[in-house]
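Scroll down for the structure; my scribbles are underneath it.
Just so you know, all these numbers are worked out from the coordinates, no wet-lab data involved. Note that this is a predicted model, so its numbers are computed, not measured. Cβ placement follows ideal geometry from the backbone for every residue including glycine, while neighbour counts extend to all protein chains displayed.
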Amino acid sequence: MEFYLYLLVIIVGFVSGFINTLAGSGSLLTLPVLIFMGLPVNVANGTNRIAILMQSIVGVGGFKQKKVFEWKEGFWLTIPSIIGAFIGSSMAVNLDAQLMNRIIGALLIVMFFVILFKPEKWINEHAGKVKSKPSFISFVAFLAIGFYGGFIQAGVGFFLLSGLVLGAGFDLLKANAIKVFIVLAYTTVALGVFIYNKQVNYLLGFILGFGSMFGAWVATLVAVKWGVNFIRWFLLVTVLTFAIKMLFF
């Protein structure tokens with residue numbers, strides 16, 4: 001494989017780690033690029049988890065260093081998420097590659113409209129207003145979110161933030177930190193499932209992960225005033241392009 005393609009993976013990893021830290025949905029970039037690199041869709045799905053794990057370690061470390069959250073605050077929500085992720089990843093590894101292409105393409109279309117209607121504004125308006133104790137509904141909700149994260153990962157950040165802010169009552173800053181912690185926890189399990197089923201390309205995974213870690217680290221240090229809006233439109237164009245490609249070509 002040409003050197004410039006590996007450089008492309010590092011750059012995409014950096015952008016993904018940066019996006020995931022600032023806004024989320026970085027996997028909407030990494031999955032299509034891994035498939036473009038020639039990986040079967042199931043292997044791309046598994047390989048992407050290495051980068052998610054590596055950037056989550058950096059993110060959790062950064063939030064803990066800044067004392068944004070405590071371990072116990074997110075622990076009760078990680079349990080259903082881990083269970084859901086195990087089930088979701090187990091289903092993902094057994095799906096036919098063509099069907100997986102169609103599913104990812106359809107999910108990209110859904111996420112296009114999620115990003116288009118700027119749900120982060122709605123979340124911002126409700127941050128810290130809902131106060132509730134752990135409940136059966138919360139357990140089911142995070143079980144479902146974990147299932148989705150284990151199955152495909154792309155766009156799961158929005159669903160986690162919604163559950164943490166609207167369901168658990170955390171403010172947005174703490175919710176974002178706990179989101180990264182939950183992703184770290186369930187990704188460890190999901191990655192194990194993909195590794196067991198031999199659906200991980202370690203070379204591309206660690207190259208992507210290296211870029212993702214650096215991107216996550218930079219995002220914790222740099223505040224870019226116009227960054228989120230630019231990222232949103234960049235994601236819209238990219239997501240729609242790859243969705244059309246995966247559904248119809």
Practice prompt. Using packing as a proxy for protection, rank 56-62, 144-150 so that the peptide with the highest average count of other Cβ atoms within 10 Å comes first.
Written response: 144-150, 56-62
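Going by C-beta contacts inside 10 Å, put L164, L29 in order with the fewest on the left.
Details: L164 29, L29 21.
Ascending number of Cβ neighbours within 10 Å: L29, L164.
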